[in-house]
Amino acid sequence: MLVAGCTRHQDPQIAFDGPTMGTYYSVKIARPPEGMTAESLQPGVAEVLDAVVAEISTYDDSSELSRLNQNPSTDWIPISANLHRVIAEGQRISSLTDGAFDITIGPLVNLWGFGPETRPARLPTEAEIADAKARVGWHKLELRADPPALRKARGDIYIDLSALGEGYGADRVGNWLESQGIENYMVAVAGAIRTRGINAKGEPWAIAIEEPLPDRRSVHRIIPVSNRALSTSGDYRNFFEENGKRYSHEIDPMTGAPVDKRLGSVTVVDETAMVADGWATALMVLGDRRGPEVAESQGLVAYFIVRDQQDQPRGFGSKSFESLLGR
Ligand code: FAD
């Protein structure tokens, strides 16, 4: 128990942040190696994130992914090993969720106005949804690892890696910091976070899970994380309302429409931020019933916040979450 006026010892810390991927990143480093400063490290971090954007952004017409999406060929198309790795992870999660997670969801994401194109002034018609759905299906993609290449069953398939991208970016920055000899850090790219070692207080990094409230920010729970990554997906940040109904950016490939379930958010803890990011989106799309079932069957460390009948948030963890991080 600490008495007033007595502050716990705090080691030196570097912290900086900046814009990326239409959102933000932040980096905290505890006990930085001699001579390292925010000024000396920030350019390297920004360069890594710019490289990630140049690989997988659908908002950048010249990115490798955009050029792949623009390529009408149904023959094998050579891709970089990095792009192959992200797409392969997307396909793996699709195979484990019966396609609830699907990186070819791009035409539906754009149709509902959650992609690079401006949001249409009206809701899409059934016919437009059917047209977009015809282009969606992870089975319509074939991957080859050596040399890395991809084949599309139809030339107008549009891949969207936004569900994995922020996590992948956090992992890339983490790898770069480690290559600089940094052992204690927390990297966040929006809701995707990667940690190594301990914070400046000598404790695991304290990560807040927010209440899934669209109109204000408040902490639901704080979890201690060290040498792991986590990511939160939810329907309370990126959504629009029409006739009193909420439409979020989590799209169900089966219906072709935003998911409409009582699940407010899902937080997944995993070895890498990319895997945590992908699973958080997948469990959000699966919803408040199938989500927890799949989390248990896959042994995922997942924390769900559902809205009860009174629209009050109620949180619960998977068995693995409770055994790892239970109170
Ligand atoms: P998550 O839950 O992690 O992912 C949700 C996203 O996944 C959706 O927005 C949709 O794109 C996709 N998705 C929806 N349903 C499914 C499904 N069933 N299966 C698979 N995927 C699904 N935004 C901008 O506004 N401007 C930019 O310049 C910009 N640049 C970006 C560059 C990169 C490299 C990336 C990866 C993203 C960029 N974004 C940009 C998008 C933005 O950063 C977020 O990724 C996006 O808003 C999704 O938010 P999220 O990752 O928190 O949600």
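The values are calculated or read from the model by the stated rules, or taken from the named source; none is laboratory data. None of the values given here were measured: they were computed from a predicted structure. Don't worry about glycine lacking a Cβ; one is built from the backbone with ideal geometry, like all the others, and counts go over all protein chains shown.
For (1) away from the ligand (no atom under 11 Å from the Cβ); (2) at pLDDT below 95; (3) over 30 Å from Asn199 (Cα atoms), each residue gets a yes or a no:
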| position | (1), (2), (3) |
| --- | --- |
| Gly44 | yes, no, no |
| Ile56 | no, no, yes |
| Arg67 | yes, no, yes |
| Gly90 | no, no, yes |
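Restricting attention to the stretch 16-35, report how many residues are over 22 Å from the mean Cα position of the chain (by Cα) and exposed (fewer than 15 other Cβ atoms within 10 Å of the Cβ).
3
Taking helices (runs of 4 or more DSSP H) that fall entirely within the stretch 12-110, which contain at least 2 residues that are closer than 25 Å to Leu286 by Cα and touching a Cys at 6+ places or on another chain (Cβ under 6 Å)?
none
For the stretch 204-275, give me every one of the strands (runs of 3 or more DSSP E) that falls completely inside it and has 2 or more residues that are surrounded by 21 or more Cβ atoms within 10 Å (Cβ to Cβ), within 13 Å of the chain's Cα centre (by Cα) and aliphatic (A, V, I, L, M).
Counting at least 2 such residues, we get 229-234, 263-270.
Taking the stretch 221-279 only, how many residues are among the polar types (S, T, N, Q), more than 10 Å from the ligand (Cβ to nearest atom) and in contact (Cβ under 8 Å) with a residue 60 or more places away in the chain?
1
When the residues of the stretch 154-202 are filtered to those that are under 20 Å from Asp61 (Cβ atoms) and in a loop (DSSP other than H, G, I, E, B), which remaining residue is farthest from the ligand (Cβ to nearest atom)?
Of everything passing the filter in the stretch 154-202, Gly155 is farthest from the ligand (Cβ to nearest atom).
When both residues are 6+ apart or on different chains and their Cβ atoms are under 6 Å apart, which pairs have a first residue that lies in the stretch 102-115 and is near the ligand (Cβ under 8 Å from one of its atoms), and a second that is of a type in the set (Asp, Glu)?
Every condition considered, the pairs that remain are Ile105/Asp160; Gly106/Asp160; Val109/Asp160.
Identify, from the list Ala163, Ala190, Ala200, the residue that is at positive phi and crowded, with 18+ Cβ neighbours inside 10 Å.
From the options Ala163, Ala190, Ala200, the qualifying one is Ala190.
Restricting attention to the stretch 110-124, does a residue exist that is touching a helix residue (DSSP H, G or I) at 6+ places or on another chain (Cβ under 9 Å), of a type in the set (Phe, Trp, Tyr) and over 17 Å from Lys245 (Cβ atoms)?
No; the residues of the stretch 110-124 include none that is touching a helix residue (DSSP H, G or I) at 6+ places or on another chain (Cβ under 9 Å), of a type in the set (Phe, Trp, Tyr) and over 17 Å from Lys245 (Cβ atoms).
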